[in-house]
1. What number of residues in the stretch 517-537 are farther than 16 Å from Cys552 by Cβ and in a loop (DSSP other than H, G, I, E, B)?
2. Would you check which residues across the stretch 466-512 are touching a residue at least 60 places away in the same chain (Cβ under 8 Å) and not hydroxyl-bearing (Ser, Thr, Tyr) and list them?
3. Checking the condition of a type in the set (D, E, K, R) and within 15 Å of ligand 2 (Cβ to nearest atom), which residue from Glu64, Glu104, Glu125 passes?
4. Just one of (1) touching a helix residue (DSSP H, G or I) at 6+ places or on another chain (Cβ under 9 Å); (2) charged (D, E, K, R); (3) buried (at least 17 other Cβ atoms within 10 Å of the Cβ) trips up Arg461, so point out which.
5. Looking at the stretch 555-563, is at least one residue touching a residue at least 24 places away in the same chain (Cβ under 8 Å), in a helix (DSSP H, G or I) and either under 15 Å from Arg447 (Cβ atoms) or not hydrophobic (A, V, I, L, M, F, W, C) (or both)?
6. With the checklist (1) over 27 Å from the mean Cα position of the chain (by Cα); (2) crowded, with 17+ Cβ neighbours inside 10 Å in hand, flag the one item Trp590 doesn't pass.
7. Ala41: within 21 Å of Arg102 (Cβ to Cβ), within 33 Å of the chain's Cα centre (by Cα), within 16 Å of ligand 2 (Cβ to nearest atom) and assigned to a helix (DSSP H, G or I), yes or no?
8. Looking only at the stretch 1-38, filter to residues that are surrounded by 18 or more Cβ atoms within 10 Å (Cβ to Cβ) and among the charged types (D, E, K, R); which one of those is nearest to ligand 2 (Cβ to nearest atom)?
Amino acid sequence: MLSAALRRPIRELPDELISQIAAGEVVERPASVVRELLDNALDAGATQITLRLLAGGVRLIGVEDDGAGIAPQEMATALKRHATSKIASLQDLEAVGTMGFRGEALAAVNSIAELSLLSRTAGAEGAWLLDGRTGELRPAARGPGTTVEVRELFFSVPARRKFLKSDATELAHCIEAVRRHALARADVGFAIWHEGKLIEQWRAQAGPDALDRRLADVLGEDFLADSVAIEHQAGPVRITGRAGVPDIARSRADQQFAYVNGRFVRDKVIAHAARAAYEDVLHGQRQPVYVLHIAIDPARVDVNVHPTKIEVRFRDGREVHQAVRHAVENALAAPRAALLGEPATAAAAWPAEPPSFKRFEAPTPVPFAQAAIHFEARSGHVVQELQALWQPHAAADRAPAAPATPEADPAPTWPLGRAIAQLHGIYILAENHAGLIVVDMHAAHERIVYERLKAQLGANRITSQPLLIPATFAATPAEVATAESAAAVLQQLGLEITPFSPKTLAVRAVPTTLAAGDAVELARSVLAELAQHEAATVVQRAQHELLATMACHGAVRANRRLTVDEMNALLRQMEATERSDQCNHGRPTWRQLSLRELDGLFLRGR
Ligand SMILES: Nc1ncnc2c1ncn2[C@@H]1O[C@H](COP(=O)(O)OP(=O)(O)OP(=O)(O)O)[C@@H](O)[C@H]1O
Ligand SMILES: [Mg+2]
């Protein structure tokens, strides 16, 4: 039996079967057809594209465009395999700027469904209709542009049809295909009809904020408020788009849109680079939301590597990885405060570098032993006063002093405004031009401390300060062992912890930034963290965890009463600190309540 099969003659496959095999690779479900037809419409220069579906696209997919059209004598050719108007040579392929280039899609779809082409070119007297099955071409009525109708998908391939999901699921996939195209081309209008009902419509946008408006239409207004603009040029690579702030991260990676020269792609290099950019602000498994447009010389990217063109290969993956990572990192690092309020007026309200934006420098620290000691009500612990970090002069010396009375300056120019009160020892309330700002003071301060430690560690090691009186504590054998084996790492982290007796450790120096905290608690938690890792590589591998642990100890605790000057100092530090919009766990550190929202609470102005 097997040997008989082995002796069969070699034959060329019939064209129809070749197309059906090719279709198997290209068309998995109705959404695949939608994607191909939208690509074609965009390549034809359409400005308005309408999609009509029946039964989730299984019974009918119709795509109508106002593009260049197809001349009647070319319509039959358009349905042939390897027939394309888009490239003519290998050189063309290497520099291809169109979505299509294989001359494969219509032939493939025509082999597994009933396809018709209705088209009229710009100067033509009338339209023509081609029946894909019979090949009959006859005059018809239509304005300039093309309508492709695909009926009964997989009618000739019942096995495939069985794999289709419910109409609702297939419809959702079709809509997703249109969303991907719509986010790539804000200048084109899109409409989706299902079973005779208009279910989505995104108008064509023009002007400098066209992409933003399309993003708001497709992803919702909230996305604009909860994301930051990306604008980055690195050599031949240009990156634009928007990065969602960490608190809108999701459990699934279903809102990540990456484009290479206008083509939606799923690419490991891009995805990895984007994830890495969020590393600092998004811990755990949460998935960021972003829309990334990568413009690159077509010669530096191969688009001909995947049957559905959803994957690409970069000539220099490192170059793209770095560009994406930096682009997203920079966007996330810019304090979001600068984006508050109406985007158009924000620039006028706040000069790019107002005087108060000077980077905060740590004040000359008060030696640890001299720092006041106070009683922390909640924990019942005696803790060091936090004054080393909280001296109001720290910011006041360097920034214009905050007005002492609220009425002195009704429209503060600081993005995070002027502190007015503290709420329940947890929140700071501040007034800015847009309304009320609420700051989670522990989360915000933790972030500031974290960023400061990270910057120092990046520059070599964390600056430390010796304690006048070493803080000793009873240690476990494991703690003593870790202190000895990880002495070098501890030094890098600004800590000096040495054995005092076989069962006692002494903390002799602590990071200057954390000088006001509890030295013993800090030492204990860092030792515990270090014990879990290989000492030699811990700083590279567990930097975020280590610094987050340290920052948590150095940050102001809840229930600490702050003076107005201290609160203002914190707000000014936040404005000057990268990524201060989120705490180390990705939660927001502050929120704005606009006057309009406040008015809404009281039903004012209705
Ligand atoms: N909506 C349209 N408007 C104008 N011309 C079209 C349209 N759709 C298809 N065509 C023409 O038909 C040709 C064949 O389309 P088809 O999608 O099969 O191949 P392609 O787009 O060239 O390449 P690919 O297989 O990569 O999509 C195109 O090259 C184009 O000239
Ligand atoms: Mg095509």
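The values are calculated or read from the model by the stated rules, or taken from the named source; none is laboratory data. Because the structure is predicted, anything quoted here is derived from the model rather than measured. Please note: Cβ atoms are built from the backbone with ideal geometry, for glycine as well, and neighbour counts cover all protein chains shown.
1. 3
2. Residues satisfying the conditions are Leu467, Leu468, Ile469, Val510.
3. Being of a type in the set (D, E, K, R) and within 15 Å of ligand 2 (Cβ to nearest atom) holds for just one of Glu64, Glu104, Glu125, which is Glu104.
4. (3)
5. There is no residue in the stretch 555-563 that is touching a residue at least 24 places away in the same chain (Cβ under 8 Å), in a helix (DSSP H, G or I) and either under 15 Å from Arg447 (Cβ atoms) or not hydrophobic (A, V, I, L, M, F, W, C) (or both).
6. (1)
7. yes
8. Top of the filtered list is Glu36.
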